[in-house]
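K.L.:
Below is a structure I'd like to ask you about.
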Amino acid sequence: MSRPGSPGTQPGPPPESTGPVVTPTTPAQALAELSAGNRRFVTGIPRHPNQDAGHRAAVADGQHPFAVIVGCSDSRLAAEIIFDRGLGDLFVVRTAGHTTGPEVLGSVEYAVTVLGTPLVVVLGHDSCGAVQAAKTAAETDTSPAGHLRAVVDAMMPSLRRAEAAGVTDVDGIVDIHIAHTVEAMLGSSAVLAAEVAAGRCAVVGMSYRLAAGEVRTVTAAGDLPDPAADPTPAAA
Ligand SMILES: [Zn+2]
């Protein structure tokens with residue numbers, strides 16, 4: 001509770017966080033908004049938009065997230081923090097090594113088709129422990145115990161692709177795994193592929209650097225005509 005009789009003295013959020021925030025409706029707008037938020041985070045001047053009580057009440061009746069984040073579960077990869085967003089902005093699905101089984105794909109399809117979310121981001125990162133675990137399993141021809149085996153097994157196609165390309169460092173394998181995850185999602189989800197083909201949605205693979213805090217585009221599929229949003233051109 002605030003001090004009695006002094007409601008006006010309660011420290012409040014900065015003015016930027018209480019103003020209206022435009023919700024992107026196209027893949028390019030969504031990508032630009034994520035890039036802008038990451039720049040704010042990297043440079044240490046986050047706005048923390050959509051995190052106040054007023055916005056919490058405003059989104060209680062319905063959500064319109066502008067991006068799906070399929071990210072690694074790594075505790076240092078919190079989507080709303082690294083993209084400087086708030087409640088109702090991001091539809092986040094996270095698994096170790098951003099592995100994508102039926103539940104993940106179903107969640108993505110829900111966001112894209114029911115909620116109308118125009119962008120899907122596959123988010124990996126450097127020094128990924130899940131990639132390292134899969135690399136070790138592949139090199140030693142062993143499998144971890146319990147359900148962790150399913151995570152490692154799901155990453156084996158990426159490990160085989162890396163081996164064929166002569167890529168042996170973890171961060172190089174991470175990039176290959178991100179690109180493979182994007183391809184696999186589009187190949188496994190006819191619903192998602194149709195939304196991308198129709199131009200209503202795009203899928204972007206990004207890699208996050210733990211120390212620097214910045215994201216880099218690894219691959220992209222879909223209608224992303226705004227090259228200023230990111231230096232990496234979108235694939236057809
Ligand atoms: Zn990871």
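The values are calculated or read from the model by the stated rules, or taken from the named source; none is laboratory data. Because the structure is predicted, anything quoted here is derived from the model rather than measured. Using ideal geometry, Cβ is built from the backbone for each residue, glycine included, and neighbour counts are taken over all protein chains shown. When the accessible area is computed, the model is the full protein with side chains, heavy atoms only, and any ligands, DNA or RNA have been set aside. Shrake-Rupley method; radii C 1.70, N 1.55, O 1.52, S 1.80 Å.
K.L.:
Could you check, for the stretch 63-74, whether at least one of its residues is touching a Leu at 6+ places or on another chain (Cβ under 7 Å) and hydroxyl-bearing (Ser, Thr, Tyr)?
P.N.:
No, because not a single residue in the stretch 63-74 is touching a Leu at 6+ places or on another chain (Cβ under 7 Å) and hydroxyl-bearing (Ser, Thr, Tyr).
K.L.:
Looking at the stretch 101-130, which of the residues that are open to solvent by 40 Å² or more (accessible area, probe 1.4 Å) and assigned to a loop (DSSP other than H, G, I, E, B) is nearest to the ligand (Cβ to nearest atom)?
P.N.:
So the residue we want is SER127.
K.L.:
Taking the stretch 165-207 on its own, how many of its residues are in a loop (DSSP other than H, G, I, E, B), among the charged types (D, E, K, R) and within 15 Å of GLU109 (Cα to Cα)?
P.N.:
At the first step, the residues of the stretch 165-207 found to be in a loop (DSSP other than H, G, I, E, B) are 166-169, 189, 198-201.
Narrowing further to those that are among the charged types (D, E, K, R): 169, 200.
Right, trim to within 15 Å of GLU109 (Cα to Cα) and you get 200.
So the answer is 1.
K.L.:
I'd like to check something: does the stretch 64-79 contain any residue that is touching a Cys at 6+ places or on another chain (Cβ under 8 Å) and at pLDDT 95 or above?
P.N.:
Start the filter on the stretch 64-79 by keeping residues that are touching a Cys at 6+ places or on another chain (Cβ under 8 Å), which leaves 72, 74.
From what is left, the residues that are at pLDDT 95 or above are 72, 74.
Yes - at least one qualifying residue is present in the stretch 64-79.
K.L.:
Answer yes or no as to whether ALA134 is assigned to a helix (DSSP H, G or I), buried (at least 20 other Cβ atoms within 10 Å of the Cβ) and more than 16 Å from the ligand (Cβ to nearest atom).
P.N.:
On the way: assigned to a helix (DSSP H, G or I): yes; buried (at least 20 other Cβ atoms within 10 Å of the Cβ): yes; more than 16 Å from the ligand (Cβ to nearest atom): no.
No, not satisfied.
K.L.:
Where residues in the stretch 163-185 are within 22 Å of the chain's Cα centre (by Cα) and of a type in the set (Gly, Ala, Ser), which of them is farthest from MET206 (Cα to Cα)? I'd like the intermediate steps shown before the answer.
P.N.:
First pass over the stretch 163-185, keeping only residues within 22 Å of the chain's Cα centre (by Cα): 170-185.
Keeping just the survivors that are of a type in the set (Gly, Ala, Ser) gives 172, 179, 184.
Working: GLY172: 13, ALA179: 9, ALA184: 15 Å.
Top of the filtered list is ALA184.
K.L.:
Another question about this same structure. For residues in the stretch 51-82 being buried (at least 22 other Cβ atoms within 10 Å of the Cβ) and over 17 Å from SER35 (Cβ atoms), which is nearest to the ligand (Cβ to nearest atom)?
P.N.:
Among residues in the stretch 51-82 that are buried (at least 22 other Cβ atoms within 10 Å of the Cβ) and over 17 Å from SER35 (Cβ atoms), the one nearest to the ligand (Cβ to nearest atom) is CYS72.
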